[in-house]
Amino acid sequence: MSVSLRYLGGASEVGKVGALLEGSQGRLLMDYGIQPDDPPSFPLPAPDVDALLLTHAHLDHCGLVPDIASRGTPIISTPVTGELAARMAKDTLYVSEIENYPRPFHPTAIGDLKQNLRPSIPGSVEYRGGFEFKMHNAGHIPGAVMFEFPQHDFLFTGDIHTVDTQLTRAAKPKQCKTLAIESTYGGREHPDRKEVESELIDSIEDTVNSGGQVVLPSFGLGRSQELLMLTQGLGFEVWLDGMGRDMAKIFQKYPGAIRDVGSMNKAFKETNFVKYSRQRTRAMKGDVIVTTSGMLNGGPVLNYISKIRKDSSSAVFLTGFQVPGTNGHLLQEEGRLRLERDPESSSFGVDCKVESFDLSGHAGHSQIVNFIDKCNPEKVILYHGDNREAFSEDLKDYDLVLPQENEYINID
Ligand SMILES: [Zn+2]
C-alpha cells in the first residue's frame, strides 16, 4: 500500500504548516496554519480530508483549522490543544479586523471547530481514513504532540523540544523507519536552559532591587505562563497583561498537560492579572510585567515600554526569537523601536537596558540530530526550516529528504 506525504506549506520555511498524508483508503491533513505576517499568508488550498490531525495550538500550525472544521471534517488533537486553538482563532478574527485584512474564515467556523473536535490523548490508538495512529508528547508547549503511524513505521513530529521546561516534559524519541521532523533551529544551538533561566532570574532581581521595572514581552501561549513560573517566589509584584491570561485559565483546566501543575497554579495565584484596560495604570507600577506581543509588533507591551524607555534603571528582557523585520528585532539589534503598531511609524531610541535570553520552545541543532539518531530511521524528511542544508553533514548516514512545497514524498 503506497502512502505519500505532500506539504501544502511549511516545508522550506518556518511557518504556515500543512501536510497531506495520502493512502489508498483516504487522506489526512497534518496541521493547517497561518503565517501571521503583515499581511498574513497561507498554505496551498487543502482538498477534503478524512480528518485533520493537529500537533499543537501555535498559529503557524492551527490558524486555518476552523476553516477545515467548517466543512464538517473531524479535528483530532489533545483536549487542551483544541480549546487553545479555538481561543487563538478568536484572536485571529480580532487581529484581521483591527489590521483590516480579509477574515481567513467565517466567525461561525470557531463553533464548527469546537463541534468537530474529536479529542485524543497520548498513547490511545485512533483510526481515520484508513490510517491507524497515536499521539506522543512533543515537549513544545502544553498539549503539543507528535503522531506515530505504526502500520507505516512513520513518525510526524510537529514542533518539538527535547529538554524539560517549566511547563512541559521533554519529547522522547520513537523508533521508526521514516521520520518527518521540524528543523527550525538548523545551524543554531541553545545554551544550557537551566543556566539561561538562572541568568534571567538574576537580571530581573538586579533590576528590581535597584529600583527599576522589568518588562518581559512574550508570546501569550506558553512563554507568558513559563515566565510567571520563573518569577514566582521572588517576592516581586508581577503582572500579566494580554491574551496570556485566557491561555493560563485554559491550562488550569487540563492539569495532565502540565509538567508541574502545582508550581504553575502557585505562580498564577501570585500573579496580578490585567482584566480591564483601566487596571493598566496599576500594572504600570508593578515590578515585573509579562505581556504580549512577544515580538513587539503591537499589543499592550508598547504601552509598558513607552513608560520605561527613558528610565536607565529599568529593563526589557527578550526571551523569544525576534524575526528580522519585527519591532523586537529592531530593538534587539539597534536599541530602537516603534511605539505604534503601524510599521511605517517612526522609531525611538531607548535608555532602558535591553537584553536577550534564549528560552526557545524548539530543539536546537544538536538536539534535533540527537533525537533523529535515537529514532534510528532510514529516511529523514526535514521540514519547517529555512536552513535545512545545515544538517547535511550531521545526517549524511540517512536517506535525507528536504522537500519543497507540493512535492510528493513516498513514505513506504
Ligand atoms: Zn510551535
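Quick note: the coordinates plus some simple rules give every number you see, no bench work behind them. Note that the structure is predicted; figures quoted are calculated from it, not measured. Positions of Cβ are generated from backbone atoms using ideal geometry, with glycine treated the same way; all protein chains shown enter the neighbour counts.
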### V95, sole failed condition from (1) under 17 Å from the mean Cα position of the chain (by Cα); (2) farther than 23 Å from V261 by Cβ
(1)
### Message
Please go through segment 62-119 and give me each residue that is buried (at least 17 other Cβ atoms within 10 Å of the Cβ), among the small types (G, A, S) and in contact with a helix residue (DSSP H, G or I) (Cβ under 9 Å, 6 or more places away or on another chain), ordered by number.
### Response
G63, A69, S70, S77, G82, A85, A86, A89, A109
### Message
For segment 124-168, which positions are in contact (Cβ under 8 Å) with a residue 40 or more places away in the chain, part of a loop (DSSP other than H, G, I, E, B) and more than 16 Å from the ligand (Cβ to nearest atom)?
### Response
G129, G130, D153, D164, Q166
#### Entry: Wholly enclosed strands (runs of 3 or more DSSP E) of segment 1-94 bearing at least 1 residues of a type in the set (A, V, I, L, M), in contact (Cβ under 8 Å) with a residue 12 or more places away in the chain and within 16 Å of the ligand (Cβ to nearest atom)
18-22, 27-32, 51-53
